[in-house]
Each structure stands twice: as C-alpha cells, then as structure tokens.
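A.B. asks: Sharing a structure, written as structure tokens. Questions coming.
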Amino acid sequence: MNQPVFAIVGGGLAAAKLAEALRDQQFDGTVVMIAGESHLPYDRPPLTKGYLAGKKQLSDFTLNPEQWYADNSIDVRLNTKVTSLDRANKTLTLDDGSTLTYDKLALATGSRSKRPPIPGSDAEGVFYLRTYDDASALSERLTDGARLAIVGAGWIGLEVAAQARSRGTEVAIVEGAQTPLYAALGPELGQVFADLHIAKGVDLRTNASVEAITVDGGKATGLRLADGSTVEADTVLVAVGAAPNIELARDAGLDVDGGVLVDENLVTSDADIVAVGDIADAWHPVLNRRVRVEHWANALNQPATAAKAMLGKPEPYARQPYFYTDQYELGMEYLGLAEPGNYSRVVIRGDLEALEFVAFWLDSDSRVVAGMNVNIWDLTDDIKALINSGRTVDSAALADSTIALSDV
Ligand SMILES: Cc1cc2nc3c(=O)[nH]c(=O)nc-3n(C[C@H](O)[C@H](O)[C@H](O)COP(=O)(O)OP(=O)(O)OC[C@H]3O[C@@H](n4cnc5c(N)ncnc54)[C@H](O)[C@@H]3O)c2cc1C
C-alpha cells in the first residue's frame, strides 16, 4: 500500500518543528522537507546574540543533528528550493528539475531581509542579516576600531549594535521613526532602548532617513542622510525588517495578503495545505483578528497545531504572541500585542532607570493588551493570565510592585 506523503517547504524552525510534530503525533507516512539553505534547520535568534559574541557555533543552535532526521525517516533535501506549486495535481516542482507529489503540504517558507533600493546598496561592505551565512560574513567585519553603520533600529539592528559595541566596533544607527522599535513597542518603551544604546556609545540618529550609501572605489564608506549629514563607516548593515516569502502560495492561487491567510487551525484556503511560522497570517480566536507574528515562539509552537490539522484532528492555535531580546545587560520577554494606535497608555511597575521593571500596555478600557518584563523573570504566566482575563485593572495597583498581579 502506498504511504501518504506529507511535504514541508522550508528549512527553518517552523519546518523542523513540523517534522518533529508529525512523528510525535504518530504519523508514519513519508515526510519530505525541502529546505532552501545548505544547513540543517537552525535557530536564528542566536545569530545576533551568542554567535556574534563568539560564544556559540552553528552546532550549538542546529535544531536536530543529521542522525535525528535519519532515525525519524525525514527525507531532508537541503539547498533545494520549491519553485512552483500545482494544487490541482498536488505537485511541487523543485529547482533541481524534479517534482514531488504530496497528499498534504505545509508551507514554512519564512522571511527574507527587506532590501530597499538605497543607492550604493551593491557596494562591497553592505550586509543584510537573515541567515547563518549572512551572520558569518558580517561577523568578520566587527573588529575593534571598525566602524559599522546600521540602517534601521529594529530588533536585528539593535542586537547587532549591542554585539558590535561589545567587540569594540564604533556603531551609528539611523532610524526613520522617533525612537527605536517604534512600531513594536511605541515611543515610551522605544525611548528606553534609545537611552540604553546612547549610554553604550552608539551614535543614534532618529527621525532621520538615509538617502544613499556612500561608495568609494566600489566599497561602502558610510551613509548620506536626507538632511545632508553623513555617517562614516567601513561596513553598512541594512536592517529595515523582513518580507515574508509568500510568492509560492500567491502564485498557486492561495489566499494571501501580507502573509498566507490561514484559519484558526492554521489551514490555508486549500484544505490540504497548512502554513506556519513567519508567513502565517492566522485568525486568532482570543484576539478576534488576524495576526502574523515574525517571532521565534510562533515558529516553535504553531507546528504542533498544524500537524494536528494535517492529521485530521484540527485544534485552534490560541497562544498570545511572545518574543524576547537580549541587548547588553538588558534581557526581556514580551507577551501580547500592543501597536501604536491600539493602546492608550503604558504603566510601569518597578525601576525604569535600573532596567528592572514590567511595562504594561492598556487599552482605553484599562485592559492589559501586552506586558514586557525587563530583567525580572518568571512572570510570563501572570502576565498571560492578566491579558487573557480581559478584565479592567486599577492602574495604580498595577504600578505597585507590592500588590500581586492577580489582585490588580
Ligand atoms: C538574526 C535574527 C535574530 C532573531 N532573533 C529573534 C529573537 O531574539 N526573538 C524572537 O522572538 N525572534 C527572533 N527572530 C525571528 C525568528 O527567528 C523567526 O520568526 C523564525 O526564524 C521564523 O521561522 P520560520 O521557520 O517561519 O522561517 P525562517 O526561519 O525564515 O525559515 C524559512 C526557511 O525556508 C526556506 N525557504 C524559503 N522559501 C523556500 C522555498 N521555496 N523552497 C525551499 N525552502 C524555502 C528559507 O531558505 C529558510 O531557510 C530573529 C530572526 C533573525 C533573522
């Protein structure tokens, strides 16, 4: 009897976790993973943390060793891309010219770095950071006394800045918004990150836009800003966000917008295809809206739900978005979703100056929509309970660390 074939397109965290989940859930058919990179699936967060700090190597954050794939009969095709998806015939075409027919399909194609058309981008010394190979190439440039200019004060730009400073590299960051992380955290907490980086010697220029990467003899020499000022550098990192790889899904006629549209069970507009990780724009049954999250925890946790759907046992994915960062001595976890425009104020519990606090974002009805614990740990469950309760809180009690979060 023919074994059913479940195909996974992608080779990141979501793809690896989906392969694991299928075997954990006793699927004993064929699993084929078509993975665009030449390395086995690995975690990306360490790239801008332990790896750039020189404290970790690829094997430390490779998700499963080669033997695991052999032991679990996962047919991994590295360095291979799926170029098209024919849904009518349930067939994938690969860039080596071969085809693969599937019974169920999981799309886990993740994101790529955005590459805005800044003049000078093709010069030597201009970098983007998405993969292990990108991080390795950048790492060679972060030497003592080198000068790094970063375009964009998002998570990647700030984490690289922190590592570069610890290696003695001079760092300038140019950001269009009024604070770093403006779209993710809003101006109040964005300012905390601004102050931190400035204190560490970063030349942070906000409300500023890059007109061009300056080039001499084919090599990047810095940035020219719209106000006519310049930044001198021998290396430029363009870190202005990620673009989801949705083209395969879109060209196959699946419903897409900014991501691949999936229902609360992570199933696309084709019942035989699921989508997970960065690309999944999923209906969230608690938030009652679509959410697409480009964060590690999402790629870690969604696959178990998607595997259930592939095996005919659908179950909604209802976790709150979660992410974390480490920069210098600041470590934090963030839970929920507060974007400029969907919260009305921020309440701080703890010591902002000492970087030991919890920030809560409240909506206009004084309900907590997100919380971020900075250098204070083991609060995730309490913050989650507060958000999920949907109850109105007393903001004075919320700011008072002597009152338990369950009592505010
Ligand atoms: C440097 C860095 C640091 C990060 N740090 C944090 C952090 O601290 N905290 C946090 O919460 N999140 C962090 N993230 C985000 C997190 O890593 C991502 O959300 C996560 O990697 C998404 O996983 P994914 O499997 O959906 O996609 P990806 O990790 O992007 O993997 C997708 C894979 O699919 C492959 N692929 C794409 N198209 C095809 C195709 N057609 N055929 C075959 N293969 C294909 C790609 O080559 C890639 O290998 C970081 C990301 C980066 C880049």
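A.B. asks: Quick one: ASP103 ticks every box in (1) in contact (Cβ under 8 Å) with a residue 12 or more places away in the chain; (2) within 16 Å of the ligand (Cβ to nearest atom); (3) within 30 Å of VAL5 (Cβ to Cβ) except a single one, so which number is it?
C.D. replies: (2)
A.B. asks: Could you tell me whether region 88-96 includes any residue that is touching a helix residue (DSSP H, G or I) at 6+ places or on another chain (Cβ under 8 Å), farther than 25 Å from GLN163 by Cα, more than 14 Å from the ligand (Cβ to nearest atom) and charged (D, E, K, R)?
C.D. replies: No, region 88-96 contains no residue that is touching a helix residue (DSSP H, G or I) at 6+ places or on another chain (Cβ under 8 Å), farther than 25 Å from GLN163 by Cα, more than 14 Å from the ligand (Cβ to nearest atom) and charged (D, E, K, R).
A.B. asks: Go through LEU287, LEU248, LEU223, LEU261 for me and flag whichever is under 26 Å from LEU148 (Cβ atoms) and of a type in the set (A, V, I, L, M, F, W, C).
C.D. replies: Of the residues listed, the single one that is under 26 Å from LEU148 (Cβ atoms) and of a type in the set (A, V, I, L, M, F, W, C) is LEU223.
A.B. asks: Would it be correct to say that ARG141 is among the basic types (Lys, Arg) and either over 20 Å from GLY331 (Cα atoms) or in contact with a Lys or Arg (Cβ under 7 Å, 6 or more places away or on another chain) (or both)?
C.D. replies: yes
A.B. asks: Taking the stated definitions as given, is ALA239 of a type outside the set (D, E, K, R) and in contact with a Leu (Cβ under 7 Å, 6 or more places away or on another chain)?
C.D. replies: yes
A.B. asks: Continuing with this model, one more query. Within region 24-37, is even one residue closer than 25 Å to LEU237 by Cα and within 11 Å of the ligand (Cβ to nearest atom)?
C.D. replies: For region 24-37, residues closer than 25 Å to LEU237 by Cα and within 11 Å of the ligand (Cβ to nearest atom): present.
A.B. asks: Out of region 3-45, which residues are among the aromatic types (Phe, Trp, Tyr) and either outside the structural domain of ASP278 (by TED's automatic domain parsing) or under 13 Å from ASP75 (Cα atoms) (or both)?
C.D. replies: PHE6 - this is the single residue of region 3-45 that is among the aromatic types (Phe, Trp, Tyr) and either outside the structural domain of ASP278 (by TED's automatic domain parsing) or under 13 Å from ASP75 (Cα atoms) (or both).
A.B. asks: In region 1-34, what count of residues is obtained for those that are in contact with a Gly (Cβ under 7 Å, 6 or more places away or on another chain), free of Cβ contacts under 8 Å to residues at least 60 places away in the same chain and either β-branched (Val, Ile, Thr) or crowded, with 24+ Cβ neighbours inside 10 Å (or both)?
C.D. replies: Qualifying residue count for the region: 1.
A.B. asks: Take ALA220 and tell me if it is crowded, with 17+ Cβ neighbours inside 10 Å, of a type in the set (Gly, Ala, Ser) and touching a residue at least 12 places away in the same chain (Cβ under 8 Å). Before the answer, list the steps.
C.D. replies: Working: crowded, with 17+ Cβ neighbours inside 10 Å: yes; of a type in the set (Gly, Ala, Ser): yes; touching a residue at least 12 places away in the same chain (Cβ under 8 Å): yes.
Yes, satisfied.
A.B. asks: Sort out which residues of region 223-238 are assigned to a strand (DSSP E or B), touching a Gly at 6+ places or on another chain (Cβ under 9 Å) and surrounded by fewer than 20 Cβ atoms within 10 Å (Cβ to Cβ), and write them in order of number. Walk me through it before giving the result.
C.D. replies: Here is the first cut: in region 223-238, the ones assigned to a strand (DSSP E or B) are 223-225, 230-232, 235-238.
This time we only want the ones that are touching a Gly at 6+ places or on another chain (Cβ under 9 Å), so: 223-224, 230-232, 235-238.
Correct list: ARG224, THR230, GLU232.
A.B. asks: With crowded, with 20+ Cβ neighbours inside 10 Å, in contact (Cβ under 8 Å) with a residue 60 or more places away in the chain and more than 11 Å from the ligand (Cβ to nearest atom) as the only criterion, which of ALA108, ALA123, ALA162, ALA146 stands out?
C.D. replies: Testing whether each residue is crowded, with 20+ Cβ neighbours inside 10 Å, in contact (Cβ under 8 Å) with a residue 60 or more places away in the chain and more than 11 Å from the ligand (Cβ to nearest atom) leaves just ALA162.
A.B. asks: Out of the residues in region 337-351 meeting the condition of being crowded, with 16+ Cβ neighbours inside 10 Å and modelled with pLDDT under 95, tell me which one is farthest from the ligand (Cβ to nearest atom).
C.D. replies: Among those residues, the one meeting the criterion is TYR343.
A.B. asks: Looking at ILE173, ILE156, which is the one that is within 14 Å of the ligand (Cβ to nearest atom), within 24 Å of the chain's Cα centre (by Cα) and touching a residue at least 24 places away in the same chain (Cβ under 8 Å)?
C.D. replies: ILE156
A.B. asks: Checking PHE357 against (1) surrounded by fewer than 16 Cβ atoms within 10 Å (Cβ to Cβ); (2) without any contact (Cβ under 8 Å) to a residue 24 or more places away in the chain; (3) not in a loop (DSSP other than H, G, I, E, B), only one condition comes out false. Which one?
C.D. replies: Here PHE357 clears every test but (1).
A.B. asks: Residues in region 115-134 that are closer than 19 Å to ALA220 by Cα and under 15 Å from the mean Cα position of the chain (by Cα): how many?
C.D. replies: 2
A.B. asks: Kindly provide the set of residues from region 38-54 that are within 8 Å of the ligand (Cβ to nearest atom) and assigned to a loop (DSSP other than H, G, I, E, B), ordered by number.
C.D. replies: Passing the criteria: PRO41, ASP43, ARG44, LYS49.
A.B. asks: Right, next: Might you check whether a residue that is in contact with a Phe, Trp or Tyr (Cβ under 6 Å, 6 or more places away or on another chain), assigned to a loop (DSSP other than H, G, I, E, B) and not acidic (Asp, Glu) occurs anywhere in region 334-351?
C.D. replies: yes
The values are calculated or read from the model by the stated rules, or taken from the named source; none is laboratory data. Just so we're clear, the structure is a prediction, and the values are computed from it rather than from any experiment. Neighbour counts are summed over all protein chains in view; Cβ atoms, including those assigned to glycine, are modelled from backbone coordinates with ideal geometry.
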